[in-house]
1. Where the second residue is among the β-branched types (Val, Ile, Thr) and part of a helix (DSSP H, G or I) and the first is in the same structural domain as SER190 (by TED's automatic domain parsing) and lies in the stretch 121-149, which pairs have Cβ atoms under 9 Å and are six or more apart or on separate chains?
2. Output the residues belonging to the stretch 56-74 that are without any contact (Cβ under 8 Å) to a residue 24 or more places away in the chain and either outside the structural domain of ALA20 (by TED's automatic domain parsing) or in a loop (DSSP other than H, G, I, E, B) (or both).
3. Filter the stretch 40-50 down to residues that are of a type in the set (S, T, N, Q) and assigned to a strand (DSSP E or B) and give me whichever is surrounded by the most Cβ atoms within 10 Å (Cβ to Cβ).
4. Identify, by number, the condition in (1) part of a strand (DSSP E or B); (2) out of contact with any Asp or Glu (no Cβ under 9 Å at 6 or more places or on another chain); (3) among the aliphatic types (A, V, I, L, M); (4) buried (at least 19 other Cβ atoms within 10 Å of the Cβ) that VAL53 doesn't meet.
5. Consider only pairs whose beta carbons are under 6 Å apart and that are at least six residues apart or on different chains; among these, list those whose first residue lies in the stretch 8-23 and is acidic (Asp, Glu) and whose second residue is part of a strand (DSSP E or B) and exposed (fewer than 15 other Cβ atoms within 10 Å of the Cβ).
6. Here is a list of conditions, (1) aliphatic (A, V, I, L, M); (2) under 20 Å from the mean Cα position of the chain (by Cα); (3) closer than 18 Å to GLY164 by Cβ; (4) exposed (fewer than 15 other Cβ atoms within 10 Å of the Cβ), and LEU107 meets all of them except one; can you say which number that is?
Amino acid sequence: MGLEAVCHCAWDGGAGEVKALLESRELILRGEARRTIPLAAVTSVTVDGDDLVVATPEGRWSLTLGAEPAARWARKMTTPPPTLAHKLGVGPATPALVIGPVDDPALMEALAGAVAATPADARIALAVVADQAALERAVAALGGLPPGAALWVVHGKGPKAAFGEAPVRAWMRTAGFKDTKISAVSATLSATRYNRAPSPTP
């Protein structure tokens, strides 16, 4: 989400200036009040004039953001984040050709009911790779897909990954692909979407 503001905050038993950060799973307060509030623990979010009022079992927090920002923060806090399946663009109507072993629980859940029986049935490809050889096999398997179908490459996450984003991108670009999107999968995996780069204009 990434919203932030410096504002007046009132809470049960006190008030003061805070820096408020709204992340995807928590509201973080720093300054005269220091608190990390998991969004899962929030029981209600309302807008009262210029104030965003956040209620939890432990009490209420009122942030004076201004009417329009308060409404925007409230919408962000009450809108469920997109699922991994939505981020990857897979589902019953857009099945994926799955290449490689899928044993990550989050990825298994995202692909439930969204795996193509054959390459001809697929609308997108998703490959789980642990090394360059697996990546080469994945690209070789794309021949039966519809023209222009994208390939999601699921690889290790972070700089310490044995085969992560950087070596995958380097090889894919050399092979004529362009990275167009990246998505977190889990604590240990990320996914990068690739499309074939357009041919140079003569």
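The values are calculated or read from the model by the stated rules, or taken from the named source; none is laboratory data. Keep in mind that what you see is a predicted model, and the values were worked out from it rather than measured. Heads up, the Cβs are rebuilt from the backbone with ideal geometry, glycines too, and the neighbour counts pull from every protein chain shown.
1. Close Cβ pairs (under 9 Å, with a partner that is among the β-branched types (Val, Ile, Thr) and part of a helix (DSSP H, G or I)) amount to ALA127/VAL139; VAL129/VAL168; GLN132/VAL168; LEU135/VAL168.
2. Passing the criteria: PRO57, GLU58, GLY66.
3. In this case the residue turns out to be THR46.
4. If we test VAL53 against (1) part of a strand (DSSP E or B); (2) out of contact with any Asp or Glu (no Cβ under 9 Å at 6 or more places or on another chain); (3) among the aliphatic types (A, V, I, L, M); (4) buried (at least 19 other Cβ atoms within 10 Å of the Cβ), just (4) comes out false.
5. Partner pairs satisfying both residue conditions: ASP12/GLY59; GLU17/GLY31.
6. Result: LEU107 passes all but (4).
Rundown of residues vs (1) buried (at least 17 other Cβ atoms within 10 Å of the Cβ); (2) more than 16 Å from ALA110 (Cβ to Cβ), yes/no style:
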| site | (1), (2) |
| --- | --- |
| ASP131 | no, yes |
| ALA140 | no, yes |
| GLY148 | no, yes |
| ALA162 | no, yes |
| ALA166 | no, yes |
| ARG169 | yes, yes |
| LYS178 | no, yes |
| ALA184 | no, no |
| ARG193 | yes, no |
